[in-house]
Amino acid sequence: MRSTVCYRTALSLAILLASPAFADSDDEGFIDGTRVHVLNRNFFFSQDYRNGDFTLNPNNGERQSLHREWGHGIIANLQSGFTRGTVGFGVDVQGLVGLKLDGGNGAVGNGVGVPGIVSRSGSNFDGEPKDSYGKVGTALKVRAFDTELRYGDVSPTSPVLHASDIRLLPQTLRGFIFNNNSLDGLSLQGGKLESSSDRNASNHRGDLGTVYAGRIKGANDVVYLGGDYRFNDQLTLRLHSSRLDDVWNQSFFSVDHVQPLGSELSLKTGLNYYRTRDSGQALAGQIDNDSWSVHAGLAAGAHGFKLSYTRIDGDTPFDYVWNTYDLQLDAASQVSDFNNPNERAWEARYDYDFAPLGVPGLSLTARYVRGTDIDGTRAGGAYSYFNGTEDGRHWERNLWLKYVLQSGPAKDLSFNLMQATHRVGGDHVAESNVDELRLIVQYPLDISL
């Protein structure tokens, strides 16, 4: 019933905004500029826990030593054009459907705090696995000159607030965001979000919070502002900041530089830095965290090599807004974020593009990350579960293989195989020994009305 109401509302707005009252011949227009993008995503997800590790079934509390789930997601986005005139109006509508293809009560996580892709019933995602679930989201948008503003169900892309799309269906947040590109090379964005719709939720009113402290009912909103400046093809700077209500103030700075060394050889270097301090009522506890990473790499034709070092300076982990992702620390990996209290992590990475061998669209990534010196004995508040680790360590190995069809009727059909092995050592108890496999097949389809 709720989905029907959303569709009717969106249709009514579309008819209203498309009225001749806004007519002007300079722009493409509301109808002519409308695009429909449909993504079919088939996702197999498996986690095999090793050395006696396990998770607890969120439904019955029994031990789970294996997660094995298979689902199909349909992500449909209708984005209208803007009405003609100096100020243009439009509407975006997103419809999401998730279908369980395999995964029983004993093999499914909850897709939120316990990894997985299949949704469970109940407000806390702790009931029986659902056979299907979905939702509809809408956002009104306004464009004036070089600025676009959206209000409704949106997907911010800042390094301090980035909507997650690493499971079957994407996360959205509710509020307003804006983007501005008035100055050449400078991109500005910001907004205020008041709730989160989890990746496997059927509603848009989920509480905000943080990934490692959990949902926090007292965190009423998150406000962010930032900009990226591209000086030229070689140098890019980014500066962003956010405030999670009564939890923290978080800032981010990065610099990336590419130095050509020859026709097919270049040196890539960069620095990423986050500063997080508790604020207001400090609902997650005291936070005094500086997290940063540096990297250097060579791109040599089809080959890419990179070494990086990540350091967490603080007695709490580096944390980010509930269920979001795309944190800009080099060591962040498939299973672990390598962001534990006081952790130091090294990464070695190799990338290869198979195009010179006559297979365009095929790429390979191999990574190894090792983290040491984990010490959470002084963590407090919502992070006190780290207190049992004084000298923790772990490592992760990733092997990623991706192929995208370059032509033909199935152009852009992609196959993505992601394998990870994660092992812990010392007294590190906040993470597990696990072998993880993800197989993702995606087919995008764009339609112009």
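Per-structure values
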{"read-out": "Euclidean distance of C-alpha centroids, the range 122-154 and the range 269-317, integer Å", "value": "29"}
{"read-out": "Sorted largest first, extent of the chain alpha carbons per principal axis (Å)", "value": "69, 60, 50"}
{"read-out": "Carbon plus sulfur fraction of accessible area for the chain, probe 1.4 Å, in percent", "value": "55"}
{"read-out": "Charged-residue dipole, Cβ positions (Lys, Arg, Asp, Glu), the range 35-447 about Cα centre, Debye nearest 20", "value": "920"}
{"read-out": "Relative contact order computed over the range 35-447 (Cα-Cα under 8 Å; 6+ residues apart), in percent", "value": "12"}
{"read-out": "Computed over the range 342-449: relative contact order in percent, which uses C-alpha pairs under 8 Å that are six or more apart", "value": "21"}
{"read-out": "Cβ-defined net charge surrounding Val258, 10 Å radius [Lys, Arg +1; Asp, Glu -1]", "value": "-1"}
{"read-out": "Net charge contributed by nearby residues that have their C-beta within less than 13 Å of Arg238 (K/R +1, D/E -1)", "value": "-2"}
{"read-out": "Accessible area in square angstrom per residue, the chain, 1.4 angstrom probe", "value": "45"}
{"read-out": "Cross-link table Lys141/Lys192; Lys100/Lys402; Lys130/Lys217; Lys100/Lys135, entries beyond 18 Å C-alpha to C-alpha", "value": "Lys100/Lys402; Lys130/Lys217"}
{"read-out": "Spatially proximal lysines relative to Lys268 (Cα-Cα < 18 Å; intrachain offsets below 8 disregarded)", "value": "Lys306"}
{"read-out": "Aspartates and glutamates whose Cα lies under 12 Å from that of Lys411, excluding same-chain neighbours fewer than 8 positions away", "value": "Asp446"}
{"read-out": "Kirkwood Rh, Cα atoms: Rg over Rh of the range 362-441", "value": "1.22"}
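The values are calculated or read from the model by the stated rules, or taken from the named source; none is laboratory data. On a predicted model such as this, the values are computed, not experimentally measured, just so you know. Positions of Cβ are backbone-derived with ideal geometry, glycine not excepted, and every protein chain shown enters the neighbour counts. Quick note on the areas: whole protein, heavy atoms, side chains included, nothing else; ligands and nucleic acids left out. Shrake-Rupley method; radii C 1.70, N 1.55, O 1.52, S 1.80 Å.
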